[in-house]
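Presented below is the structure to which this report refers.
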Amino acid sequence: MKLRTILVCSFAGIVFTSSMAEAKVISPSAEKGENKIYIRADGLACYFCAYGMERFFKQSGKIAWYDMDMKKGVVEVGFIKGKPILDVKTLKQYVHDAGFSPREIKAELAGRLTQTNDGYRFQVTETGQSFPVEANSVVQETKELVGREVILTAIAKEAQGAPFKLVPEVIRPRGSVQ
Amino acid sequence: MRGVAYRLAVAVALSIFTVLGLFIWLDSAGAGDQGGFKLVMAWGKTGEAPGQFREPMGLAFDPEGHLFVADTRNARIQKFTQDGDVLLAWGRSGDGQGEFSKPVDVAVDAEGNVYVSDYDLDRIQVFTSGGSYLKQWGQSGKEPGQFTVAAGLGIDRKGERIYLAEFYNKRVEAYSLDGTFLFQIGEPGRVWSGAMNYPTDAAVGEEGYIYVADAYNNRIQKFTPEGKFRDKWGGMFGWGIPASWKGWFRVPSGIAVDRQGRIFVADSANHRMVALSPKGHVLDQWDLDLPTELFSPNRVAVGPDGRVFATDTAHDRILVFEFQSF
């Protein structure tokens, strides 16, 4: 578990934060939230495309900032505090409209993992949104964190009746060092 | 029997490779050395003070030789001497008159009026050369006379028309200088003559021919003043195959034409400048001297003395070249 956590965190750190030195502010007056989405897309290239992504994000009215690593093909999106997290379909549509081919979407969310009769769910503290969670090995290995405030890193997949379904990669206690 | 078939297949494959190689060689072969870039100056650094930039994009000269630069991320236009001394800066972030969200290109008419396209706001604003607001036009949309991201501007030498390279509508539109829609050039598509895929810039030569940086078709296209297709260059017979070979392009984002009809291209994903003869033969190419992941150089303009200016957007600076004829 530890090795896996270290590997995944390292991957996330390297892929998602390197050469993302200066995030682009979309809503200067809005307070930044703590939830983030990472979109992996093909075709991220020139400034014109990057500006296109920014334009569509701005139109959504929910995004505080974004950053783009053109070489690695990853866009990092930060939501305005309290604004609901966009569903996978909408996010993919923004990326597509901006001229890219969306691939994987990952979410880094702060909230509480809960167990219900239907399985696991994740409730985002800031927005109150609740998403279904796949009970994979990561969940099984971190059962002691159920009910506690955690940071969840997960692949976001399209789901019926919910903005997305979360497939956890890392679950760590809130406040712990990544 | 199987041996014969195998030999036949090898022979056919070799023939195809030979013919294809010959085509590529013929396509990339230039007209020989007829001139060359010489970097003579570079100015600018990252910042918000006058003379500094944050992602400079479009640039253009007025008839008096002043250089105007769209300082995109600073949401302003800056005016310079040809030696890089800043004379004036105007604009601020906003959507009111004289304000910008993302100014991405500038063009100047014969009277010195400055036309600025705004990426986010889908409008063209017109200013005096002193930065005073004159007028604006533009409406978002896909219909004729509307645009979604006018990424590049080009004004003809007669001062009658302005051409807008429309990034998301994948076409070029011609307007009169008062903003009246005239006609459309090209249509969305790949490979075929006149088809466009995210064009980013337009330039007009002495005889009124329109040159389009058809960025994501990785080629340059040439049209008559009436908008009829005339020629295409890059990516094997102008089909738009991206590569770094001589005469091929990868996201050519900026274009300008000098008085001799030579065409200068900011071949941004290849990180180089390319000069073409009026017939599209490569005269020279110059590679960016700094490592970058981003697409740069980005835009190009020809000064009144024939020097070539380019925005190195990734490094917040202006590059100045002499193009020497041998």
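Using C-alpha pairs below 8 Å separated by at least 6 residues, the relative contact order for chain A is 21 percent.
Evaluate the charge dipole of the range A:21-106 about its Cα centre and quote only its size in Debye, nearest 20, assuming +1 on the Cβ of each Lys and Arg and -1 on the Cβ of each Asp and Glu.
Details: 15 positive and 11 negative charges, 30 e Å.
The dipole magnitude comes to about 140 debye.
Counting every other Cβ atom within 10 Å of each residue's Cβ, B:Glu322, A:Glu144 order from fewest to most as A:Glu144, B:Glu322.
Compute the Cα gyration tensor for the range A:60-104, then decide on rounded, prolate or oblate, letting a ≥ b ≥ c be the square roots of its eigenvalues: rounded whenever a/c is under 1.5, prolate when a/b is larger than b/c in the other cases, and oblate in all that remain. Intermediate results must be reported in sequence, preceding the final value.
On the way: a/c = 2.24, a/b = 1.39, b/c = 1.61.
Oblate, since a/c reaches 1.5 and b/c is not below a/b.
Within straight-line reach of A:Lys62, meaning a Cα separation under 15 Å, sit the following aspartates and glutamates at least 8 residues removed in sequence or on another chain: A:Glu31, A:Glu34, A:Glu54, A:Glu76, A:Asp87, A:Glu126.
When the helices of chain A are scored as -39500 (n - 2.57) per DSSP H run of n ≥ 4 and the total is divided over every residue, the value at 222 nm lands at -7500 deg cm²/dmol.
An ellipsoid equivalent to the range A:108-173, defined through the eigenvalues of its Cα gyration tensor, has semi-axes of 16, 13, 11 Å when rounded to whole angstrom and sorted largest first. Distance between the C-alpha centres of the range B:125-186 and the range A:92-151: 46 Å, rounded to the whole angstrom. For chain B, the Cβ-based charge dipole about the Cα centre amounts to some 1180 debye (Lys, Arg positive; Asp, Glu negative; other atoms uncharged). Peptide A:47-59 shows a mean partner chain C-beta count of 6 within 10 Å per residue C-beta. Could you give the angle, 0 to 90 degrees to the nearest 10, between helix B:2-28's Cα long axis and the longest principal axis of the Cα atoms of chain B? Around 30 degrees separate the two axes.
Does the range B:192-326 classify as rounded, prolate or oblate by the C-alpha gyration tensor (a ≥ b ≥ c root eigenvalues; a/c under 1.5 gives rounded; else a/b over b/c gives prolate, otherwise oblate)? Since a/c reaches 1.5 but b/c is at least a/b, the shape of the range B:192-326 is classed as oblate.
What is the sum of charges, Lys and Arg at +1 and Asp and Glu at -1, for the other residues whose Cβ falls under 12 Å from the Cβ of B:Pro188?
Combined, the nearby Lys, Arg, Asp and Glu give +1.
Using only the alpha carbons of the range B:203-251, what is the convex hull's orientation-averaged projected area in square nanometres? Walk me through the numbers before you get to the answer.
Values: hull surface 13.2 nm².
Taking a quarter of the hull surface, the average projection is 3.3 nm².
What trypsin sites (Lys or Arg not before Pro) in the range A:108-174 are in a loop by DSSP, with at most 16 other Cβ atoms within 10 Å of the Cβ? When the trypsin sites (Lys or Arg not before Pro) of the range A:108-174 are filtered for loop state and at most 16 Cβ neighbours within 10 Å, A:Arg148, A:Arg174 remain. About the centre of its Cα atoms, the protein assembly as shown shows a dipole size close to 1700 debye [charges on the beta carbon of Lys, Arg (+1) and Asp, Glu (-1) only; nearest 20 debye].
Calculated mean residue ellipticity, 222 nm, chain B: -3000 deg cm²/dmol, from DSSP H runs (n ≥ 4) at -39500 (n - 2.57) each, averaged per residue and rounded to 500. Within the protein assembly as shown, all pairs of alpha-carbon atoms sorted by distance into 20 Å bins from zero give the percentages 22, 47, 25, 5, 0. On the basis of the beta-carbon distance and an R0 of 25 Å, B:Glu187 and B:Ser140 show a calculated FRET efficiency of 0.85. For the range A:21-106, the relative contact order comes to 43 percent (Cα pairs under 8 Å, sequence separation of at least 6). Here is the size of the range A:21-106 from its Cα atoms: Rg then Dmax, 11.6, 32 Å.
What translational diffusion coefficient, in µm²/s and rounded to a whole number, does the Stokes-Einstein relation yield for chain B at 37 °C and a viscosity of 0.692 mPa s, taking the hydrodynamic radius as the Kirkwood radius over Cα pairs? So the translational diffusion coefficient is about 165 µm²/s.
Selection among A:Gln129, A:Trp65, B:Val282 by position relative to the dipole of the protein assembly as shown gives A:Gln129 as farthest towards the positive end (Cβ unit charges, Cα centre). Taking chain B as a Gaussian network of alpha-carbon nodes connected by springs under 10 Å, the highest mean-square fluctuation of the residues B:Met273, B:Met236, B:Met41 belongs to B:Met41. Could you check the spin-label model distance between B:Gln97 and B:Leu8? Points 7 Å from the Cα along Cα→Cβ, value in nm. Spacing of the two 7 Å Cα→Cβ label points: 7.8 nm.
Tell me the trypsin sites (Lys or Arg not before Pro) within the range B:132-164 that lie in a loop according to DSSP and have at most 15 other beta-carbon atoms within 10 Å. Can you show the working numbers first?
Numbers: sites: B:Lys135, B:Lys142, B:Arg157, B:Lys158, B:Arg161; in loops: B:Lys142, B:Arg157, B:Lys158.
Loop-located and lightly packed - B:Lys142, B:Arg157, B:Lys158.
Just list whichever of A:Lys89/B:Lys228; A:Lys92/B:Lys228; B:Lys142/B:Lys222; B:Lys79/B:Lys246; A:Lys32/A:Lys72 have alpha carbons separated by over 31 Å in the model shown.
Working: A:Lys89/B:Lys228 40 Å; A:Lys92/B:Lys228 37 Å; B:Lys142/B:Lys222 23 Å; B:Lys79/B:Lys246 34 Å; A:Lys32/A:Lys72 25 Å.
In this structure, A:Lys89/B:Lys228; A:Lys92/B:Lys228; B:Lys79/B:Lys246 exceed 31 Å between Cα atoms.
Viscosity 0.890 mPa s, temperature 25 °C: what is the translational diffusion coefficient of the range A:63-178 from Stokes-Einstein with a Kirkwood Rh over Cα pairs, rounded to a whole number of µm²/s? Don't skip to the answer; put the middle values down first.
Working: Rh = 14.9 Å.
Answer, rounded: 165 µm²/s.
With θ taken as phi - 60° and the Karplus curve 6.51 cos²θ - 1.76 cosθ + 1.60 applied, the whole-hertz 3J(HN,Hα) list for the range B:117-125 is 9, 10, 4, 7, 9, 6, 8, 10, 9 Hz, x standing for glycine and proline. With a Förster radius of 22 Å applied to the C-beta separation of B:Asp289 and B:Gln260, the computed FRET efficiency comes to 0.25.
Across the options B:Ile263, B:Gly179, B:Ile162, the greatest Cα extent toward the positive end of the charge dipole of chain B (unit charges at beta carbon of Lys, Arg, Asp, Glu) belongs to B:Ile263. With only the Cα atoms considered, the range B:267-320 has a convex hull volume of 78 Å³ per residue. GNM remark for chain B: springs join alpha carbons under 10 Å apart, and the peak mean-square fluctuation among B:Asp85, B:Asp156, B:Asp62 falls on B:Asp85.
Would you work out which of B:Gly94, B:Gln125, B:Ala110 lies farthest towards the positive end of the dipole of the range B:62-164, given +1 charges on the beta-carbon of Lys and Arg and -1 on that of Asp and Glu, about the Cα centre? Going by the Cα projections, it comes out as B:Gly94.
The radius of gyration of the Cα set in the range B:153-258, together with its Dmax, comes out at 12.7, 42 angstrom. Within the listed set B:Ser277, B:Ser193, B:Ser132, the Gaussian network model of chain B (springs between alpha-carbon atoms below 10 Å) gives the highest mean-square fluctuation for B:Ser132.
Can you give the FRET efficiency to the nearest 0.05 for A:Ile155 and B:Ser132, using r as the Cβ-Cβ distance and R₀ = 51 Å?
So the FRET efficiency works out to roughly 0.45.
Where a number appears in this text, it was derived from the coordinates with a stated rule and is not lab data. Predicted model, so just to flag it, every value in this text is computed and none were measured. Methodologically, a virtual Cβ is constructed for each residue, glycine included, from the backbone with ideal geometry; neighbour enumeration extends over all protein chains shown.
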